[in-house]
Amino acid sequence: MSFLNARLAPRGTILGFALLMVLVAAIPSRAQDDAPVLKISSVKIEGNKNVSSLVIFGHLVEKEGDVYSTRRLRMDIHNLFSMGDFSDVKAFGEPGEKQGQVVLVFQVVEKPVIGKIAFVGNKKWDSKKFLEEIKSAPKAPFDRSKLNGDEDIIRKLYQDEGYSNIAVTVKSTELTEKNTVDVTFDIQEGFQIKVGAVTVLGAEAFSAKKVADQMKDNRNGDKYKPDLLGDDLRKIEDFYHDEGYLKAVVLDHHETLVPEKKRVYITLTVKEGEKYVVGNLQFHGNVLFDDDELLKALNLKKGELLRKKDLDEGTRKMKTLYADKAYIYSNVVPQIQYDDELKKADITFEFVEGQPAYVQDVKIVGNYKTLDYVIRRELAINAGDKFEAAKIRLSAQNLYNLGFFDEVNPEVEPGDGPGKEVLVFRVKERHTGSISVGGGYSSVDGFVGNVKISDTNWFGKGWNASLDVEFGALQTSFSASFTEPWLFNTRTSFTLSVFDTDRRFLGAVPDITGSTQLYDEIQKGGSLSLGRRLDRYWTVFGTYSLQEVQITNIGAGETIVGSPSYIAPTDSWTSSFTPRIVYDSRDKYDYPTMGWRHQLSVEFAGGPLGLSNNYIKLIEDTSHFIPLPAGFVFGEHVRFGAGEGYWFPRTGYTDLPLFAKFYAGGTDTIRGYTERSIGPVSGSNALLVSNTEMRHDIVGPLRAIAFFDIGNAWSSIYNLNEYNLAANEGGLQMGTGIGARLTIPGTLIAIRLDYGWPIDTDLSTAVAPRGGTLHFNLGDLF
């Protein structure tokens, strides 16, 4: 009954509580063996004027037709108070029309609501600015504590702009007949104050200016923010500690306000102390890990400068070693003995290892579309396992890389006893399904229209299905695909796809007729693929493809037999099988910041598989990402490809067909050059391209890059050292430039915009425009 007391007497009214107890006691309880069972014939709401009865009914557990329950009645009273709209709630029963029925009545007393909100004395901002920031609003329940918080919000707005002498008070006027309260915020803005100068006393190891520059919010010329001055002083101390002055402190500070100048002058006094190097390192209490393992994680060496940030990072890494082994209750405390004479610090790390923790249960929260089993099958940790932090991180990474979630946050809840923890994965889903009709522009395909239906998490089962139709001046295509990532609930994926594409290819240089038309290519076919995840990093695939390709409408400049640019009209079928192996250790698939991705594939076409074309095509593709200081990410991508035809008794010798050849230059290979302009016009049998990027976030999903590309395409792998300017093949071509990446919020769709310039090239300006080339496409380059 103490629960009811807390909810029914929020104002401390003993009478209200006593009345409620009488009313509740008047309703028979099912817990009484001799009491009859009562059915609720109806539920009534009384006393509400501003809050809709429908809204109140939505918060009730008891419903018409239910068997009356005292426990559920308590829940209903609690729920109504939790709405925040009522100052009092009473509940009682009235006899129903029939024997054994009861009418449940809830009497509520509404809190007064806010009528008008006014602001007086404000000049810097108008009332609209404050209404957007404060928590209170007209027609909302009047809450004095919330208004006090609104005072702080307004005060903070001014303080952030240097108005340190701001004063804000709130007044309320109650209109009893309307049950409303008008609110007025009285604002005395004062004036904006800036920092005039910062004087540092006691600085010897560093200049006073360097010490003052460690402050972030109260430097010379900044808007004065006294509430952040403490943080600035800690930054000065942290600076000294990270330079080996572990005992450095800011002894004193004071501020002098000069009203006529609207300036405040800050004076600091620092005590630097000695500069220490690492002395002896010892470990006590460690059993699970030996000293050498801990030293490796600590990464401190005797005689080197002892920086506090290095000490803190080493301590954190040692704790992580224990957490990765499920010893999450372990603790390590560094005890430092300073020797001011030798200017060294001996450190003893005291360990309390404790006992390992175990996972009592694993909960999934926030998945409204994705089915639980789709999430659970990606987890590397389950109920009953040791609570190993490394497996938790791996599980979160696996879930994020599904592409279904914007956020994956592991949380811990206490279990039923010592050593037991409940692991919670709280996810925030992103939109994985879309139906779009639109258009766009790509520097590869020109202007295109598009109708696309896709879902990477179809029915919440992790299925990836898409139907895509494109139409434009250079390309018309239809494609459909379906992927089941866990075939028969195993780590085997299954993908089925079909396609029909009609595409026109243009050249960079006009032919003898003045046209840039190269040829038209029509592809029809499909593929079937099976993949198997071997472990966290390795996956193998096998893909069978069947396609028909027609080459027609060949440009006049490409019809001369024997020329390097000769293209023959063809209509052929290809049957091929491609084994592929992938190693992927990237931290994130959509925008990686560290790790490797290697992919090696060998396509074997024709021969015993039949049909028109016999060839072998090898592609090796590698990407590497390295995180750098200040939020930069270094990315490197290398792609090597080589293909050759071969002889088979039934069909004889066939060369690598046009559609299977390699092409360089443009958006997806060497930026700064026109599309497919490097290497022979009729395609190449060998390709080598390297893309180097430096990336950095700008704001939200927008990122900036600088890039350097180098590579070429050759008619044969045996021609890598030859140079044929007429065929645009030979020496490596280079391009550099800048670009931007924008990931559409809530999706995995990345818009790619690059502007590149060719470097030191002998190729024509039609191939390598000296003023640079704009490249626009969807999806990341690597």
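Return the equivalent ellipsoid semi-axes of segment 483-554 as a descending list in whole Å, where each equals the square root of 5 times an eigenvalue of the C-alpha gyration tensor. Each step should come with its number before you reach the end.
On the way: eigenvalues 319, 39, 12 Å².
Semi-axes, largest first: 40, 14, 8 Å.
In a reduced charge model with +1 at each Lys and Arg Cβ and -1 at each Asp and Glu Cβ, segment 594-702 shows a dipole moment near 160 debye about its Cα centre.
Size descriptors for segment 230-305: radius of gyration and Dmax over Cα atoms are 19.9, 66 Å. All distinct Cα pairs of segment 335-385 go into the 1/r average, and the inverse of that average, the Kirkwood radius, is 15.8 Å.
Between the alpha-carbon centres of segment 389-410 and segment 528-553 there is a gap of 27 Å. A dipole drawn for the chain from +1 and -1 charges on Cβ atoms has a positive end, and of L618, P418, Q397 the residue lying farthest that way is P418.
Sorting the segments 242-250, 384-392, 368-376, 123-131 by their mean number of nearby beta carbons within 10 angstrom, highest to lowest, gives 242-250, 384-392, 368-376, 123-131. Sorted into 5 angstrom bins from 0, the C-alpha pair distances of segment 592-692 split as 3, 12, 17, 17, 15, 13, 10, 6, 4, 2, 1, 0, 0 percent. Mean sequence separation of contacting Cα pairs (under 8 Å, at least six apart), scaled by the length of segment 116-243, corresponds to a relative contact order of 22 percent. Eigenvalues of the alpha-carbon gyration tensor of segment 548-603, scaled by 5 and square-rooted, set the equivalent ellipsoid semi-axes at 40, 17, 11 angstrom, largest first.
Its alpha carbons considered, segment 332-422 gives a radius of gyration followed by a Dmax of 19.7, 66 Å. Other residues within the sphere of radius under 13 Å centred on the Cβ of G384, judged by their own Cβ, net out at -1 (K and R +1, D and E -1). Taking Cβ atoms as reference points and 13 Å as the exclusive limit, the residues near E174 contribute a net charge of +3, counting Lys and Arg as +1 and Asp and Glu as -1.
Given C-alpha coordinates of the chain, what is the ratio Rg to Rh with the Kirkwood estimate of Rh?
Details: Rg = 36.1 Å, Rh = 34.0 Å.
We get a ratio of 1.06 for the chain.
Structural descriptor for segment 573-621: relative contact order 39 percent, calculated from alpha carbon pairs under 8 angstrom and at least 6 residues apart. Residue order by solvent-accessible surface for V561, V427 is V561, V427, largest first, with ligands and nucleic acids left out and a 1.4 Å probe.
Relative to the 2.2 N^0.38 Å rule of thumb, segment 570-635 has a C-alpha radius of gyration ratio of 1.67. Can you give me the Cα centroid spacing of segment 620-664 and segment 310-343 in angstrom? So the two Cα centres are separated by 47 Å. Atom-type composition of the exposed protein surface of the chain places 56 percent of the accessible area on carbon and sulfur (1.4 angstrom probe).
Based on Cα atoms of segment 70-204, Rg over Rh with Rh as the Kirkwood radius reads 1.27.
For segment 40-144, a simple Cβ point-charge model (Lys and Arg +1, Asp and Glu -1, everything else neutral) yields a dipole of about 560 debye relative to the Cα centre.
A 1.4 Å probe run over the protein chains yields, for the chain, 51 Å² of accessible area per residue, whole-number rounding.
With the Cα gyration tensor of segment 192-268 in hand, give its eigenvalues times 5 under a square root as the equivalent ellipsoid semi-axes, listed largest first in whole angstrom. It would help to have the intermediate numbers written out before the result.
Numbers: eigenvalues 107, 26, 20 Å².
Its equivalent ellipsoid spans semi-axes of 23, 12, 10 Å.
Positive end of the dipole of the chain (Cβ unit charges, origin at the Cα centre): among G244, V89, L600, the Cα lying farthest that way belongs to V89. At a probe size of 1.4 Å, how large is the accessible area of H431, to the nearest 10 Å²? That residue has around 150 Å² of solvent-accessible surface. About its Cα centre, the dipole of the chain is roughly 1540 debye, where the only charges are +1 on Lys and Arg Cβ and -1 on Asp and Glu Cβ.
Using bins of 10 Å that start at zero, the share of Cα-Cα pairs per bin across segment 267-346 amounts to 16, 46, 25, 11, 2, 0, in whole %. Between N280, Y265, L294, the Cα set farthest toward the positive side of the dipole of segment 252-297 (charges on each charged residue's Cβ, about the Cα centre) is that of Y265. Sorting 663-671, 629-637 by average packing, meaning the other beta carbons within 10 Å per residue, from highest down gives 663-671, 629-637.
Coordinate range of the alpha-carbon atoms in segment 89-148 per principal axis, descending: 69, 17, 15 Å. For the chain, averaging the sequence separation of C-alpha pairs within contact (under 8 Å, six or more residues apart) and dividing by the residue count gives a relative contact order of 5 percent. Each other residue within a Cβ distance under 10 Å of P138 adds +1 if Lys or Arg and -1 if Asp or Glu, for a net charge of +1.
Quote the convex hull volume per residue of segment 667-707, based on C-alpha atoms, as a whole number of Å³. Walk me through the numbers on the way to the answer.
Working: hull volume 3.4 nm³, N = 41.
Spread over its residues, the Cα hull of segment 667-707 gives 83 Å³ apiece.
When you work out D = kT/(6 pi eta Rh) for segment 403-543 at 25 °C and 0.890 mPa s, using the Kirkwood radius from C-alpha pairs as Rh and the Stokes-Einstein form, the result is 128 µm²/s.
The values are calculated or read from the model by the stated rules, or taken from the named source; none is laboratory data. Not measured: the values here are computed from a predicted model. Cβ: placed from backbone, ideal geometry, glycine included. Neighbour counts: every protein chain shown. Heads up: the accessible areas ignore ligands, DNA and RNA and are worked out on the full protein's heavy atoms, side chains in. Shrake-Rupley method; radii C 1.70, N 1.55, O 1.52, S 1.80 Å.
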